[in-house]
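The values are calculated or read from the model by the stated rules, or taken from the named source; none is laboratory data. It should be emphasised that the depicted structure is a prediction, and the values quoted were computed from it without experimental measurement. Here the Cβ positions follow ideal geometry from the backbone for every residue, glycine too, while neighbour counts run over all protein chains shown. What goes into the accessible areas is simple: the full protein's heavy atoms, side chains included, and nothing from ligands, DNA or RNA. Shrake-Rupley method; radii C 1.70, N 1.55, O 1.52, S 1.80 Å.
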Amino acid sequence: MSSIKVLVVGATGATGKHVVQMMLDQGHDVIALVRSKESMLSKLKDKTNMDRLEIHEASITQVSHYDLVALTKDCDYVVSCLGHNLTFKGMFLKDRRLVTDACKKLTKAMPPSCTFLLMGSDGVAHTGVDPKRKFGERAVIFLLRHLIPPHADNEKAAAFLLGADRKKLNWAIVRPTNLVDAEEASGKYTISERSEVSLFGDASISRNDVGHFFVELMTNEETYAKYQHKMPVVVGIPEEKAPGQ
């Protein structure tokens, strides 16, 4: 496989750092757009392929269109693992549309040959594809949409991509279930084109495995072709407990 070049935003986040590490581990070129270079370096466990990593210190909200054009001009993929800071400013003030605004800026700047991959959540519906949720779940989502701006932001980001001209923009939205931490990626998870898990259930997936799936989308042509212009839901497969546990 030839080397892939990817720009990762949200690269120091709990999932983004795994995407960066795994792509470097496979010998690919990574550009990380981060607020702190020191933070990025501290989150990399293996620094073997550091010559393939470019770190640019800036907030996506402050980077100009022309700078983003320069950053993405040779990229095969742009990955957004952005999330909201759980502060009043991050959730209710100017950053409340962080994910949507970043989607628009990045997809406008990147070349037509580039593919955009977005991290969403299984709480964001793929209208016309997902089955209708139960009344209680719809009520919770309604409250989240109107009371918690980050959820509405994730919905608007998905709506933006769904409404884009598919002939001009390649994309996929990864929808993980409940996120948990783990030491390593297991590579054991199911992928579905529809969200069929309950919001109130115990279905979960490690952030490592979400990162693993992002890497699969970028490095496995068959996997990407299957989920192009779709919103796959990823659910971890729990390890079987030993007898007596």
(request) Might you report the magnitude of the Cβ-based charge dipole of region 1-81 about its Cα centre, with Lys and Arg at +1 and Asp and Glu at -1, to the nearest 20 debye? (result) 220 debye
(message) Using a 1.4 Å probe on the protein heavy atoms only, what accessible surface does Lys226 show? Give it in Å² to the nearest 10.
(response) 110 Å²
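In debye, nearest 20: dipole of the chain around its Cα centre with unit charges on the Cβ of K, R (+) and D, E (-)? Before the final figure, lay out each step's value.
On the way: 32 positive and 30 negative charges, 211 e Å.
Charge dipole of the chain: 1020 debye, to the nearest 20.
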(request) Please compute the net charge surrounding Ala225, taking Lys and Arg as +1 and Asp and Glu as -1 over other residues with Cβ under 15 Å from its Cβ. (result) -2
(message) Order Thr61, Thr12 by their accessible area, 1.4 angstrom probe, all chains in place, largest first.
(response) Thr61, Thr12
(request) Roll a 1.4 Å probe over the protein heavy atoms and report the accessible area of Glu216 in Å², nearest 10. (result) 60 Å²
(request) Using a 1.4 Å probe and counting only protein heavy atoms, arrange Glu155, Glu222 so the residue with the most accessible area comes first. (result) Glu222, Glu155
(request) Run the accessible area of region 107-245 with a 1.4 Å probe and give the carbon-and-sulfur part as a rounded percent. (result) 53 percent
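Normalised by the number of residues in region 1-137, what is the relative contact order in percent for Cα pairs under 8 Å and 6+ residues apart?
The normalised contact order for region 1-137 reaches 25 percent.
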(message) If I model a spin label as a point 7 Å beyond the Cα along the Cα-Cβ vector, how far apart are those points for Glu193 and Leu162 in nm?
(response) 1.5 nm
(message) Rounded to the nearest 20 debye, what is the charge dipole size of region 112-245 about its Cα centre when +1 sits on each Lys and Arg Cβ and -1 on each Asp and Glu Cβ?
(response) 700 debye
(message) I want the antiparallel fraction of DSSP beta bridges within the chain, as a percent rounded to 5.
(response) 10 percent
(message) In region 114-245, if the dipole is taken from +1 on Lys/Arg beta carbons and -1 on Asp/Glu beta carbons about the Cα centre, which of Val210, Ala225, Ile148 is farthest to the positive end?
(response) Ile148
(message) So, for region 121-204, what is the accessible surface per residue at a probe of 1.4 Å, expressed in square angstrom?
(response) 59 Å²
(request) Count charges around Ala152 for me, please; just the other residues with Cβ under 10 Å from its Cβ, Lys/Arg as +1, Asp/Glu as -1. (result) +2
(message) Let's test this: bin the Cα-Cα distances of the chain at 10 Å from zero up to the farthest pair and state each bin's percent.
(response) 7, 32, 38, 19, 4, 0, 0
(message) Can you tell me which of Val180, Val19, Val30 moves the most in a GNM of the chain? Springs connect C-alpha atoms under 10 Å apart.
(response) Val180
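Would you mind telling me the share, in percent, of accessible area of region 5-54 contributed by carbon and sulfur at probe 1.4 angstrom?
Values: 950 of 2160 Å².
C and S fraction of accessible area: 44 percent.
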(request) Have a look at the DSSP beta bridges in region 126-244 and tell me what percent are antiparallel, nearest 5. (result) 45 percent
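Could you check how many percent of all C-alpha pairs in region 1-131 are farther apart than 18 Å? Please list the in-between numbers first.
Details: 4656 of 8515 pairs.
Within region 1-131, distances greater than 18 Å cover 55 percent of Cα pairs.
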(request) Quick one: compute the contact order of the chain, relative version, from alpha carbon pairs under 8 angstrom and 6+ residues apart, as a percent. (result) 19 percent
(request) Lys and Arg at +1, Asp and Glu at -1: add these up for the other residues within a Cβ distance under 15 Å of Thr177 and post the number. (result) -3
